[in-house]
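Comments concern the structure below.
The values are calculated or read from the model by the stated rules, or taken from the named source; none is laboratory data. If you're wondering where the values come from, they're calculated on a predicted model, not measured in any experiment. Backbone-built Cβ (ideal geometry, glycine too); neighbour counts: all protein chains shown. Protein only, heavy atoms only, side chains kept; ligands, DNA and RNA dropped before computing areas. Shrake-Rupley method; radii C 1.70, N 1.55, O 1.52, S 1.80 Å.
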Amino acid sequence: GLFNEPETAGLFGVPELNCPEGFQEAQNRALQESEQLVQKACSTPPGPETVMIFDQLSDGLCRVADLADFVKIAHPDFAFREAAEEACRNIGTMVEKGKSIKKLCLLSNEAVLTGVYCIFRRVAELFMFDFEISGIHLDEEKRKKAVNLNVRILDLCNEFLSGTHLPNKIDKHVLPEHIRYNFTAEGNYLQVAGLHADCPDDLVREAAYKIFLYPNAEQLSRLEELLASRNSLAQLVGYDTFSHRALQGTMARNPGIRHVWKDILRNSMHCVRYNIDPGLYCPFFSLGACMEGLNSLFSQLLGISLYAEQTQRGEVWSEDVRKLAVVHETEGLLGYIYCDFFQRPDKPHQDCHFTVRGGRLRENGEYQLPVVVLMLSLPRSTRGAPTLLSPGMMENLFHEMGHAMHSMLGRTRYQHVTGTRCPTDFAEVPSILMEYFANDYRVVNQFARHYKTGQPLPKNMVSRLCESKKVCAAADMQLQVFYAVLDQIYHGKHPLRKSTTEILKETQEKVYGLPYVPNTAWQLRFSHLVGYGAKYYSYLMSRAVASMVWKQCFAQDPFDRAMGERYRREMLAHGGGKEPILMVQGMLQKLPSVEDFVDALVSDLDQDFETFITDS
């Protein structure tokens with residue numbers, strides 16, 4: 001039947017997206033529908049129905065925006081990428097200028113305002129507009145000021161982000177001849193585009209560090225203006241600092257979290273070099289074996305299986321994308337995962353999870369099933385061998401699959417809080433928890449087989465692998481703490497009492513313990529300040545929670561079905577619709593204290609070190 005197929009389906013099965021021009025059509029329809037819904041909201045007495053209308057509004061915009069957000073970076077065809085980029089911009093500015101919001105704001109009704117507030121915040125976060133801060137509750141003059149600040153912050157974010165990756169140039173005669181070949185030549189100059197941290201030559205690493213981190217005056221003033229603008233905006237809408245605003249609704253609650261990280265640092269750095277050759281492991285981790293492993297784990301823990309499903313022509317953007325149906329043994333189909341796993345030209349080298357359509361309860365009582373994409377950069381199979389994963393790639397696959405399951409199992413009434421749409425410091429919990437499964441011999445032993453001989457991965461190889469990972473865990477944690485503290489200070493009380501570079505030097509020496517190198521400004525390369533402003537600590541917070549959940553609930557038996565069900569019921573089902581700390585409490589059956597968070601991170605390190613000492 002290839003030839004008598006119905007006309008081509010569009011991307012993800014959306015009919016109009018069978019050509020780039022379809023984005024214009026989809027976006028116009030979404031904007032028209034949103035106008036109608038706004039009018040409906042204005043004429044409906046406030047109550048549950050208003051919130052339902054807002055969620056429809058959000059759903060219509062997000063369905064185009066989320067999809068375009070993915071297509072603009074991943075589609076191999078430039079025309080599609082460009083059309084998607086344009087759609088993101090149009091929906092973004094429509095939300096930002098808030099035509100609809102203006103109308104709604106004429107309604108002084110609190111409930112309506114609050115609803116709009118939440119919905120638009122969700123749509124806007126997609127475009128880093130950070131909408132709840134656009135001041136819809138302010139008078140006209142202040143609101144204008146807030147909108148202008150928002151637009152300025154967006155520009156600064158984009159400029160700062162490009163600046164973080166820009167190479168630095170240096171006259172090639174400054175460097176000794178025998179190391180010049182490590183850098184790209186451009187006439188009489190050499191381009192230094194990174195830290196060359198993996199280079200075995202000390203001199204190359206030193207040169208790269210000093211040149212790549214040499215301060216750039218323009219980038220410095222962008223950062224200063226960005227921090228100051230964020231602070232002005234936060235104060236304009238009634239917060240003490242940007243950090244206070246960013247932590248609303250998270251597990252950390254308020255910037256006092258800083259003190260937690262100080263405690264972690266009591267622990268000295270146990271850092272020993274312990275190398276393994278990933279090449280020895282790859283033959284045991286074929287992609288097929290790893291997917292089988294995930295399937296088996298999910299079916300034992302949650303009663304869920306993954307089935308490959310045939311796609312229609314035009315539904316996927318590259319012929320090697322696979323579509324998985326996620327099916328529960330009694331509840332049936334839960335959603336779809338599109339797996340875009342292989343390297344291709346122009347595809348960004350990053351592993352990530354995208355929500356293309358959020359789950360929600362539709363007006364007719366049916367549930368709108370979630371659709372997500374998992375993007376990895378795996379090597380393709382060769383004639384002689386299937387796709388083989390290094391241990392790091394295998395762990396990343398498990399990590400991203402953790403996000404996907406969060407999306408698939410969320411059963412929220414509203415799509416703007418579905419799945420991974422939850423506070424940043426909770427969003428990484430399900431994915432980091434999956435790393436614990438990926439590092440457990442009982443789990444790995446179920447699927448790691450040599451692709452030629454079928455021989456299982458020997459136990460001593462698994463323990464060597466775990467040791468090698470854990471060896472520098474303390475140094476890595478110390479670095480994460482340093483980044484988190486720096487981020488909090490930058491977004492704390494303004495004006496800052498010193499320059500950003502002096503603050504960096506002081507914090508680095510106090511928290512990280514390695515001396516600051518004069519004439520460097522690492523903060524100008526700190527790209528996470530854009531997407532994770534005042535929230536960099538989230539990763540450590542999520543790791544602490546994942547560690548507690550693993551130790552208390554799964555370490556004894558990683559296949560315990562009753563625990564799997566509790567995990568689904570207490571942590572995965574709510575998306576962002578329930579306070580994260582309450583979800584954690586439901587899972588652990590107690591409310592963790594600040595000390596528990598710290599102990600979870602520290603005990604991981606101590607345990608790792610003991611294993612290392614006894615086994616080596």
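Once you have all Cα-Cα distances for the stretch 311-466, histogram them in 10 Å bins from zero and send the whole-percent values.
10, 32, 35, 19, 4, 0
Could you tally the net charge around ASN188, taking each other residue with its Cβ under 14 Å from the Cβ of ASN188, Lys/Arg +1 and Asp/Glu -1?
On the way: positive: LYS169, LYS172, ARG180; negative: ASP171, GLU177, GLU186.
Value of the local net charge: 0.
Would you calculate the separation in nanometres between label points at LEU195 and LEU361, each defined as 7 Å from the Cα along the Cα-to-beta-carbon direction?
Here the modelled spin labels are 4.8 nm apart.
In nm, give the distance between the simple-model label positions of GLU319 and ALA185, each being 7 Å from the Cα along the Cα-to-Cβ direction.
4.2
Report the full-extension gain for the segment ARG344 to LEU369: residue separation times 0.36 nm, less the Cα-Cα distance, to one decimal in nm. Intermediate values should be presented prior to the final figure.
Values: separation 25, 0.36 × 25 = 9.00 nm, distance 2.92 nm.
Using 0.36 nm per residue and subtracting the Cα-Cα distance, I get 6.1 nm.
Could you rank the peptides 81-88, 462-469 by their average count of other C-beta atoms within 10 Å per residue, with the highest value first? Don't skip to the end; give the middle numbers.
Numbers: 81-88: 20.0, 462-469: 18.4.
Answer by packing, highest mean first, reads 81-88, 462-469.
Taking every alpha carbon pair in the stretch 297-379, what does the distance histogram look like in 10 angstrom bins from 0, in percent?
Reading upward from the zero bin: 16, 41, 33, 9, 1.
Kindly provide the GluC sites (Glu not before Pro) of the stretch 10-43 that DSSP labels as loop, not H, G, I, E or B, and whose Cβ sees at most 14 other Cβ atoms within 10 Å.
Working: sites: GLU16, GLU21, GLU25, GLU33, GLU35; in loops: GLU21.
Qualifying residues, ordered by number: GLU21.
Any chance you could check the Cα centroid distance between the stretch 467-496 and the stretch 329-385 for me, in angstrom?
After rounding, the separation between the Cα centres reads 31 Å.
Using amide H atoms built in the peptide plane, which far-off residues or other-chain residues are under 5 Å from TYR189 H to H?
The answer is LYS172.
For the residue pair LYS142 and GLU33, what label-to-label distance in nm results when each label sits 7 Å from Cα along the Cα-to-beta-carbon direction?
The two pseudo-label positions are separated by 3.5 nm.
Give me the net charge for the shell around GLN219: Cβ to Cβ below 12 angstrom, other residues only, Lys and Arg +1, Asp and Glu -1. Each step should come with its number before you reach the end.
Values: positive: ARG222, ARG525; negative: GLU159, GLU218, GLU224, GLU225.
Taking every Cβ under 12 Å from that of GLN219, the sum is -2.
Viscosity 1.002 mPa s, temperature 20 °C: what is the translational diffusion coefficient of the stretch 473-594 from Stokes-Einstein with a Kirkwood Rh over Cα pairs, rounded to a whole number of µm²/s? Let's see the in-between values first.
Details: Rh = 16.9 Å.
Result for D is 127 µm²/s.
Provide the per-residue ³J(HN,Hα) series for the stretch 368-378, in order, calculated from phi with Karplus coefficients 6.51, -1.76, 1.60 and θ = phi - 60°, each as a whole number of Hz, with x at glycine and proline positions.
6, 6, x, 10, 10, 10, 10, 10, 10, 10, 8
I'd like the accessible area for PHE285: 1.4 Å probe, protein heavy atoms, all chains in place, Å² to the nearest 10.
0
Take the solvent-accessible surface of the protein heavy atoms, probe 1.4 Å, and return the percent of it on the stretch 547-589 that carbon and sulfur atoms account for.
Details: 830 of 1740 Å².
Ligands and nucleic acids excluded, carbon and sulfur give 48 percent.
Can you give the accessible area per residue of the stretch 420-517, in Å², using a 1.4 Å probe?
Accessible area per residue, the stretch 420-517: 40 Å².
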